[in-house]
């Protein structure tokens, strides 16, 4: 029979997993306390939870929640970044943290889709979600802006033509 604290711990981990839509699995072996604390603080500033987990518990919790292909992420020591914020921002922080340290990306899970460490690296190079939205809106507005300037130019030419006609009429009436 399972010890009650293990059952409670497993249920707590499953509840934590259910709250988040993105997970990045890392191998933290070789990081010293200062490096791990610094990484944890940087992630916390971006609303990301970062916890060292027991592979056996984490593997079982993910499996019980329907993630059958989770085993490869739970080899060697594992820390998981749990989050619901912009994935590119979190990937940037984690990938930057691998430079000059022993931190390694194992892979991830985003909205039920598994990612490799290579996928995480590629995502880290993308602009943030907000930047992409801004660029998209700018691209969508660009043709409208061009149309407005073209219409304004046509209107200006039309008014100029009317003024020329008025001048011609005035000069012909005076003669």
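The values are calculated or read from the model by the stated rules, or taken from the named source; none is laboratory data. Predicted model, so just to flag it, every value in this text is computed and none were measured. Don't worry about glycine lacking a Cβ; one is built from the backbone with ideal geometry, like all the others, and counts go over all protein chains shown.
Here are a few things to note about the model shown:
- Selection status of residue 69, exposed (fewer than 12 other Cβ atoms within 10 Å of the Cβ), touching a strand residue (DSSP E or B) at 6+ places or on another chain (Cβ under 9 Å) and under 21 Å from residue 117 (Cβ atoms): yes
- Filtered residues of region 1-30 (kept if assigned to a loop (DSSP other than H, G, I, E, B) and modelled with pLDDT of 90 or more): 20, 21, 28, 29, 30
- Residue tally, condition assigned to a loop (DSSP other than H, G, I, E, B) and farther than 16 Å from residue 102 by Cα, over region 31-81: 11
Each row is one residue, and each column tells you yes or no for (1) under 21 Å from residue 118 (Cβ atoms); (2) surrounded by 12 or more Cβ atoms within 10 Å (Cβ to Cβ).
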residue	(1), (2)
16	no, yes
26	yes, yes
37	no, no
41	no, no
46	no, yes
54	no, yes
73	yes, yes
94	yes, yes
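- Residues of region 105-126 that are touching a helix residue (DSSP H, G or I) at 6+ places or on another chain (Cβ under 8 Å) and either farther than 17 Å from residue 89 by Cα or modelled with pLDDT under 75 (or both): 106 alone.
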